[in-house]
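Asker: Take this structure first; my questions come after.
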Amino acid sequence: MSAAAAADFLERLSGVAQPLVCLPSGKSPVGFLQYIRTHFQERGARPNWKFVGLDEWVGVGWDEKGSCREFFDHHLFRPLGIPDAQVHFFDGLATDLHAECVKAEEWVRTCGGIDVSVLGIGSNGHLGLNEPGANPALTTQVSALAASTVEAAKDYFDRPRPVSQGITLGLATLLQSSTVYLLASGKGKSAVLKKALEGPVGPEVPASFLQDHPDCRVFMDTEAAAMLTT
């Protein structure tokens, strides 16, 4: 799954001069990012892409294990020597979270929109931290975290972190991406993937809105696809 998704992703961006890319943290994209990293390291090169952060835990700093920024510093930015000037991520410690939302939207506008968003899917169907019930018309926002997301967050931190909010690119922003990749792996994602891809489109399963996207490419492993009928 990771190899196929990475190959398609690299081909998709091959003719774009300086694309804006949104990438997800989490378990599903680790292999995908390894292929991207290896692709450039073998060529002694680094991507000229610009990056926008998908989301971040409110109250968690960039350098803290478990933060979305630390994940990318570890898996991509430091290994490839990507300079800060090419990257815009949320500051989870910011005192003015609304300003963080505005700055992210301005970065996206300045870069001419998101060329490619790569997304994972939460066990409750969330995209980024757009939880069930999220309004698809909203752009970047602060989101109250669902109980399942709070529980899943525990796997990423090396100490107890009582997170209750996230800051995230909104569904309206993500759905305006020219191309969207959805990555899903493991049997734990099979039920929600069926709802997202074969169920009704609506805010109860935010990932279901991808059914209406003109260029959404889904990559999954056998276990994640086990419940699909088409």
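Asker: Only counting other Cβ atoms within 10 Å, I'd like F40, F72 sorted with the fewest neighbours first.
Answerer: F40, F72
Asker: While we're on this one: Taking the DSSP beta bridges in the chain as the whole, what percent of them are antiparallel, to the nearest 5?
Answerer: Around 35 percent antiparallel, to the nearest 5.
Asker: Is the stretch 111-172 rounded, prolate or oblate when judged by the Cα gyration tensor, a ≥ b ≥ c being the square roots of its eigenvalues, rounded requiring a/c under 1.5 and prolate requiring a/b larger than b/c?
Answerer: prolate
Asker: What does the net charge come to around D158 if you take all other residues with beta carbon closer than 10 Å to its beta carbon, with K and R at +1 and D and E at -1?
Answerer: Its environment carries a net charge of +2.
Asker: Okay, moving on. Can you work out ³J(HN,Hα) from phi for every residue in the stretch 16-30, in order, using Karplus 6.51 cos²θ - 1.76 cosθ + 1.60 and θ = phi - 60°, giving whole Hz and x for Gly and Pro?
Answerer: 9, 4, 8, x, 9, 10, 10, 10, x, 8, x, 7, 4, x, 4
Asker: When a footprinting reagent is the concern and you count Cβ atoms within 10 Å, what order do Y35, Y156, Y181 take, fewest first?
Answerer: By the 10 Å Cβ count, ascending, the order reads Y35, Y156, Y181.
Asker: Extension gain M227-L138, at 0.36 nm per residue separation less the Cα-Cα distance, in nm?
Answerer: Result for the pair: 29.0 nm of gain on full extension.
Asker: Hey, fewest Cβ within 10 Å first, where do L193, L54, L97 land in order?
Answerer: The fewest-first ordering by Cβ neighbours comes to L97, L193, L54.
Asker: Excluding residues on the same chain fewer than 8 positions from K27, give the lysines whose Cα lies under 23 Å from its Cα.
Answerer: Cα-Cα hits under 23 Å: K50, K65, K154, K187, K189, K194, K195.
Asker: A further question on this structure: Please give the calculated 222 nm ellipticity per residue for the chain, where each DSSP H segment of at least 4 residues contributes -39500 (n - 2.57) and the sum is spread over every residue; nearest 500 deg cm²/dmol?
Answerer: -8000 deg cm²/dmol
Each value in this text was obtained by applying a stated rule to the coordinates, not by laboratory testing. Being a predicted model, the structure only gives us computed values, none of them experimental. Methodologically, a virtual Cβ is constructed for each residue, glycine included, from the backbone with ideal geometry; neighbour enumeration extends over all protein chains shown.
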